[in-house]
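The values are calculated or read from the model by the stated rules, or taken from the named source; none is laboratory data. Here the structure is a predicted model, which is why all the values come from computation and not from measurement. Neighbour counts are summed over all protein chains in view; Cβ atoms, including those assigned to glycine, are modelled from backbone coordinates with ideal geometry.
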Amino acid sequence: MTPLLAVRGLTVRYGPPGRGRPAVDGVDLTVEAGEIVAVVGESGSGKSTLAHALAGLLPDTARVTGGVVTFGGERVDGLRERAWRRLRGRRIAFVPQDPGTALNPLMTVRAQLAEALRLTGTPRPGEDALEEALGRVGIPDPAALLDRYPHQLSGGFRQRVLLGMALAGRPALLIADEPTSALDTMVQKTVLDLVQKVAARDGTSVLLITHDLGVAADRADRVAVMTEGRVVEEGPADRVLGSPRAAYTRLLLRSAPQPLTGPAPAPGEPLLVVRDLRKVYPGGTIAVEGASFTLDRASTLGLVGASGSGKSTIARVVTGLVEPTSGSVLLDGAPVRAGRVQFVAQNPYASLDPLMSVGRIVAEPLRALRAGTRAERRERVLRLLEDVGLPPEVARRRPSALSGGQRQRVAIARALAPSPDVIVLDEPVSALDTVTQAQILALLRRLQDKHGMAYLLISHDLAVVAAAAERLAVMRDGRIVESGPTADVLAAPAAPFTRELLAAIPGGPRRGG
Amino acid sequence: MTFMRRLGVVPSALVLLAASAAALAPGLLSPADPLRGDLTQRLLPPGTAHPFGTDELGRDVFTRVVHGSAPSLQAAVIAVGVAVLAGSAIGLVAGTARGRLDGLVMRAVEVLLAVPSFLLILVVVAVLGPGTREVALAVGVSAAAVFSRVMRAEVVRVRGSGYVEAAAVCGTGRVTVLLTHVLPNAAGPVAALATLELGNAVLTVAAVSFLGFGAPPPAPEWGSLVAAGRPFLASAWWLTTVPGLVVAAVALAVNHLGHVLRTRSETR
């Protein structure tokens with residue numbers, strides 16, 4: 001039997017001919033009917049270009065320069081846009097990466113869904129057809145959702161609406177490009193459950209593009225690992241993840257965060273004490289409701305919770321960006337003084353001033369505290385860059401010349417500059433690839449051993465927190481529902497919410513043993 | 001393609017170069033006196049001796065156009081300078097303060113925008129009296145409102161960015177954050193708008209001077225040259241057409257170069 005989708009030697013290039021290496025370089029891939037195939041790779045590995053090429057959605061700057069793609073036995077490479085439009089939405093569906101931008105903000109869900117249904121051949125979709133399309137993707141009350149605008153929906157629901165639109169025509173193949181990387185772990189689980197369920201029910205094949213090996217391990221029948229435009233390993237999920245042959249697959253597997261094991265640390269000397277913190281934003285939204293925790297000297301406390309649980313508000317209160325409504329934040333028994341608590345933000349692309357050189361960025365806290373002369377500051381910047389594993393010449397460059405991981409290192413160097421007692425890390429690795437993530441976590445551990453500061457590590461990803469923090473606190477709806485040594489909480493979670501979080505970690509049981 | 005596009009810049013650059021040279025060193029291009037005429041040489045059409053012809057008093061039009069570029073261009077540059085400085089300052093204050101002050105300032109700016117700009121210019125000139133500098137100020141004031149709105153929007157955007165937050169955690173003072181982070185990052189669109197506005201200002205200054213509010217005669221200015229040639233439209237077309245074409249060429253050249261610079265900075 002011919003496979004549903006067969007790709008042979010597909011090569012895609014960007015820019016003028018003959019320059020640079022291709023983004024997709026001679027890729028072979030097969031998707032059988034009803035099968036879920038995961039393509040795993042870092043950003044820049046060419047996996048998104050591959051997904052776009054297979055959906056006929058390549059930008060004008062890209063060209064397919066070689067290879068054969070057959071879908072349902074017919075060649076689809078080199079199809080014209082008109083022919084693609086007949087195929088796309090009906091036989092091949094595409095779910096994009098970012099549900100935040102993929103829906104038209106000025107159109108209701110009804111209008112966008114109706115448009116999708118019209119394209120699949122229902123000229124005037126009735127109310128029940130629209131509701132059925134949403135019901136199929138597990139939306140509990142479709143009628144109420146139809147007249148909402150995208151901004152009134154959470155990320156998970158937006159992604160479900162997109163999925164509903166994609167699946168409305170009962171396509172034979174669903175191409176999902178990082179469908180959950182913009183969502184937190186819990187929502188990711190529900191969305192992926194849904195994809196799997198719908199695929200099994202309708203016999204739809206799924207090509208799942210992801211950077212997360214755990215996701216691939218949980219969901220896929222077969223896995224292809226991509227790096228630098230090539231597929232370096234391909235096979236059944238169990239075989240690829242259980243006994244990987246390619247060195248790159250092994251590196252990916254090694255980089256997955258491993259929970260800290262070993263005995264619970266002895267209680268140390270309390271450094272940062274937060275008592276009964278409460279923050280009500282103007283308008284009455286209660287972000288944090290009576291949170292209390294203690295951070296010991298030279299230790300790491302992980303704060304885990306879904307988005308909207310109030311963990312970022314705690315980060316902002318501790319760093320002094322936001323005044324608490326009530327409650328106290330004491331460092332060594334006194335209010336926090338300037339420079340002693342520093343901050344590393346989630347998005348390294350936004351947290352560095354694009355017009356400043358890296359040297360000036362790292363020196364900023366020193367300038368603010370008027371520490372040392374200009375020459376001393378320059379000397380200190382070079383030492384800090386060395387500390388975070390960056391070469392000294394980076395000091396003269398602009399952030400735009402650096403990769404995401406390098407930028408996050410710069411942000412860490414800046415936080416280190418005034419020798420703080422506490423560094424608040426707000427989702428420090430969630431914008432980074434698995435391999436870079438592991439490097440940054442290792443760097444943070446090394447810096448803590450060397451300089452002895454404490455970390456408050458905030459993340460939605462329990463796996464990351466468990467890999468870096470000796471103690472953790474779990475937040476839900478502004479309250480801390482559980483806290484304790486990481487190993488204890490993981491072994492015997494007391495709160496039901498913690499158990500849900502644990503279950504949502506992709507690839508969990510496989511990694512644990 | 002890129003080569004052709006680069007080639008297209010050359011005429012604009014030449015026009016602008018010639019205009020700047022005329023403004024900075026008029027004597028170099030045309031050593032004659034723009035005010036002194038030779039009555040035996042009245043209303044001569046363009047020829048070898050007088051490339052742009054002569055006017056009703058026998059003055060060389062080329063000389064007058066060359067000597068008129070300094071006040072005309074100066075007025076345009078001053079106008080844009082006034083607009084950028086005043087507009088940015090207003091926008092910076094409004095965007096930083098937010099709240100009631102922001103509302104108050106921006107509503108005032110909207111009132112300014114609601115008045116037709118030419119009317120506003122005439123009112124300011126009527127209050128200040130005629131003269132090149134007065135016209136420049138009037139044009140600048142009328143353009144400031146747009147700059148203040150762009151600046152405010154940029155300030156609001158940049159203030160919410162991660163690096164401004166990071167600077168606050170570093171302990172950097174508010175004024176320093178404003179000067180080192182907010183202003184430089186907000187300046188891009190304002191600079192782009194300024195290049196666009198310069199071409200516009202050349203036109204507006206010429207228009208106001210055409211109406212007789214610029215430098216008093218006999219001093220040459222592009223706009224007043226066109227006005228002075230009007231009675232001879234039927235018999236001596238060059239008196240109005242040549243200065244008019246010069247204004248159009250300079251405005252086009254400035255706009256074109258501004259556009260090229262803008263697209264280049266955006267794609268980078």
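Taking only segment A:308-341 into account, find how many residues are at positive phi, part of a loop (DSSP other than H, G, I, E, B) and in contact with a helix residue (DSSP H, G or I) (Cβ under 9 Å, 6 or more places away or on another chain). Lay out the reasoning, then the answer.
The initial filter retains those residues of segment A:308-341 that are at positive phi, namely A:308, A:310, A:320, A:327, A:332-333, A:339.
Next, from what is left, pick out any that are part of a loop (DSSP other than H, G, I, E, B): A:308, A:310, A:320, A:332-333, A:339.
From what's left, in contact with a helix residue (DSSP H, G or I) (Cβ under 9 Å, 6 or more places away or on another chain): A:320, A:339.
Of the residues in segment A:308-341, 2 are at positive phi, part of a loop (DSSP other than H, G, I, E, B) and in contact with a helix residue (DSSP H, G or I) (Cβ under 9 Å, 6 or more places away or on another chain).
Within segment A:355-373, can you find the residues that are more than 7 Å from chain B (Cβ to nearest Cβ) and assigned to a loop (DSSP other than H, G, I, E, B)?
Of all residues in segment A:355-373, those more than 7 Å from chain B (Cβ to nearest Cβ) come to A:356-363, A:366-367, A:370-373.
If the condition is that a residue be more than 7 Å from chain B (Cβ to nearest Cβ) and assigned to a loop (DSSP other than H, G, I, E, B), then A:Met356, A:Ser357, A:Arg370, A:Ala371, A:Gly372, A:Thr373 are the ones that fit.
Selection over segment A:386-425 of residues that are assigned to a loop (DSSP other than H, G, I, E, B), away from chain B (no Cβ under 12 Å) and not β-branched (Val, Ile, Thr) gives a count of 8. Once segment A:426-454 is narrowed to residues that are under 21 Å from the mean Cα position of the chain (by Cα) and not in a helix (DSSP H, G or I), the residue that is farthest from B:Cys170 (Cα to Cα) is A:Asp433. The residue of segment A:437-484 that is nearest to A:Val317 (Cα to Cα), among those that are in contact (Cβ under 8 Å) with a residue 40 or more places away in the chain and of a type in the set (Asp, Glu), is A:Asp477.
Within segment A:262-307, the set of residues being part of a loop (DSSP other than H, G, I, E, B), surrounded by 15 or more Cβ atoms within 10 Å (Cβ to Cβ) and within 29 Å of the chain's Cα centre (by Cα) comprises A:Ala298, A:Ser299, A:Gly305, A:Ala306, A:Ser307.
Regarding segment B:243-262, can at least one residue be identified that is over 25 Å from B:Ala76 (Cα atoms), more than 14 Å from every other protein chain (Cβ to nearest Cβ), surrounded by fewer than 17 Cβ atoms within 10 Å (Cβ to Cβ) and not β-branched (Val, Ile, Thr)? Checking segment B:243-262: not a single residue is over 25 Å from B:Ala76 (Cα atoms), more than 14 Å from every other protein chain (Cβ to nearest Cβ), surrounded by fewer than 17 Cβ atoms within 10 Å (Cβ to Cβ) and not β-branched (Val, Ile, Thr).
I'd like to know if segment A:123-132 contains one or more residues that are small (Gly, Ala, Ser), loosely packed, with under 12 Cβ neighbours inside 10 Å and assigned to a loop (DSSP other than H, G, I, E, B).
Here is the first cut: in segment A:123-132, the residues small (Gly, Ala, Ser) are A:126, A:129.
Right, trim to loosely packed, with under 12 Cβ neighbours inside 10 Å and you get A:126.
In the following step, the residues that additionally are assigned to a loop (DSSP other than H, G, I, E, B) were identified as A:126.
The answer is yes, given that some residue of segment A:123-132 is small (Gly, Ala, Ser), loosely packed, with under 12 Cβ neighbours inside 10 Å and assigned to a loop (DSSP other than H, G, I, E, B).
I'd like the full set of residues that are within 11 Å of chain A (Cβ to nearest Cβ) and within 20 Å of B:Ala86 (Cα to Cα), limited to segment B:159-180. I'd like the intermediate steps shown before the answer.
First pass over segment B:159-180, keeping only residues within 11 Å of chain A (Cβ to nearest Cβ): B:160-173, B:176-177, B:180.
Once the filter is applied, which keeps residues that are within 11 Å of chain A (Cβ to nearest Cβ) and within 20 Å of B:Ala86 (Cα to Cα), segment B:159-180 yields only B:Thr180.
Scan B:Ser148, B:Ser235 and give me the residue that is polar (S, T, N, Q) and at pLDDT 90 or above. Working first, answer last.
Numbers: B:Ser235 fails: at pLDDT 90 or above.
Step by step, each of B:Ser148, B:Ser235 is checked, and only B:Ser148 is polar (S, T, N, Q) and at pLDDT 90 or above.
Return the residue satisfying two criteria in turn: it lies in segment A:39-85 and is part of a strand (DSSP E or B) and aliphatic (A, V, I, L, M), and of such residues it is farthest from the chain's Cα centre (by Cα). I'd like the intermediate steps shown before the answer.
Kept after step one, since they are part of a strand (DSSP E or B), are these residues of segment A:39-85: A:39-40, A:62-71, A:74-75.
Retained after the next criterion (residues that are aliphatic (A, V, I, L, M)): A:39-40, A:62, A:64, A:68-69.
Numbers: A:Val39: 16, A:Val40: 14, A:Ala62: 26, A:Val64: 29, A:Val68: 32, A:Val69: 30 Å.
Top of the filtered list is A:Val68.
For segment A:330-352, the candidate set comprises residues that are at the interface with chain B (Cβ under 10 Å from one of its Cβ atoms) and among the aliphatic types (A, V, I, L, M); within that set, the residue that is nearest to A:Met453 (Cα to Cα) is A:Val341. Every listed requirement among (1) in contact (Cβ under 8 Å) with a residue 24 or more places away in the chain; (2) closer than 30 Å to A:Glu323 by Cα; (3) within 14 Å of another protein chain (Cβ to nearest Cβ); (4) not aliphatic (A, V, I, L, M) is met by B:Arg152 save one, (3).
On the given criteria, is A:Leu457 under 26 Å from A:Asp218 (Cβ atoms), in contact with a Ser or Thr (Cβ under 6 Å, 6 or more places away or on another chain) and among the hydrophobic types (A, V, I, L, M, F, W, C)? Against the criterion (under 26 Å from A:Asp218 (Cβ atoms), in contact with a Ser or Thr (Cβ under 6 Å, 6 or more places away or on another chain) and among the hydrophobic types (A, V, I, L, M, F, W, C)), A:Leu457 qualifies.
Here the condition is being surrounded by fewer than 17 Cβ atoms within 10 Å (Cβ to Cβ) and among the aliphatic types (A, V, I, L, M); of A:Ala395, A:Ala371, A:Ala417, A:Ala413, it holds for A:Ala371 alone.
Checking each residue in segment A:433-471 for being closer than 15 Å to A:Gly389 by Cα and polar (S, T, N, Q) picks out A:Thr436, A:Gln437, A:Gln439, A:Gln448.
Going residue by residue through segment B:188-199, is there one that turns out to be within 14 Å of another protein chain (Cβ to nearest Cβ), surrounded by fewer than 18 Cβ atoms within 10 Å (Cβ to Cβ) and in contact (Cβ under 8 Å) with a residue 60 or more places away in the chain? Among the residues of segment B:188-199, at least one is within 14 Å of another protein chain (Cβ to nearest Cβ), surrounded by fewer than 18 Cβ atoms within 10 Å (Cβ to Cβ) and in contact (Cβ under 8 Å) with a residue 60 or more places away in the chain, which makes the answer yes. Of the residues making up segment A:135-145, those that are touching a residue at least 24 places away in the same chain (Cβ under 8 Å) and surrounded by 20 or more Cβ atoms within 10 Å (Cβ to Cβ) are A:Arg136, A:Val137, A:Ile139, A:Leu145.
Of all residues in segment B:111-133, at least one satisfies being part of a helix (DSSP H, G or I), farther than 30 Å from A:Ile361 by Cβ and either over 22 Å from the mean Cα position of the chain (by Cα) or within 14 Å of another protein chain (Cβ to nearest Cβ) (or both). Listed conditions (1) within 14 Å of chain B (Cβ to nearest Cβ); (2) at negative phi are all met by A:Glu379, apart from (1).
Every listed requirement among (1) within 30 Å of A:Ala401 (Cβ to Cβ); (2) among the small types (Gly, Ala, Ser); (3) surrounded by 20 or more Cβ atoms within 10 Å (Cβ to Cβ) is met by A:Gly339 save one, (3). Scanning segment A:217-238 for residues that are within 18 Å of A:Asp28 (Cα to Cα) and assigned to a helix (DSSP H, G or I) turns up just one, A:Ala237.
Considering A:Arg250, A:Arg254, A:Arg222, which residue is touching a Gly at 6+ places or on another chain (Cβ under 7 Å) and surrounded by fewer than 22 Cβ atoms within 10 Å (Cβ to Cβ)? Talk me through it step by step, then tell me what you get.
On the way: A:Arg250 fails: touching a Gly at 6+ places or on another chain (Cβ under 7 Å); A:Arg254 fails: touching a Gly at 6+ places or on another chain (Cβ under 7 Å).
Among A:Arg250, A:Arg254, A:Arg222, only A:Arg222 is touching a Gly at 6+ places or on another chain (Cβ under 7 Å) and surrounded by fewer than 22 Cβ atoms within 10 Å (Cβ to Cβ).
Each residue in segment A:1-38 was checked for being touching a residue at least 60 places away in the same chain (Cβ under 8 Å), of a type in the set (D, E, K, R) and not in a strand (DSSP E or B), and 3 of them qualify.
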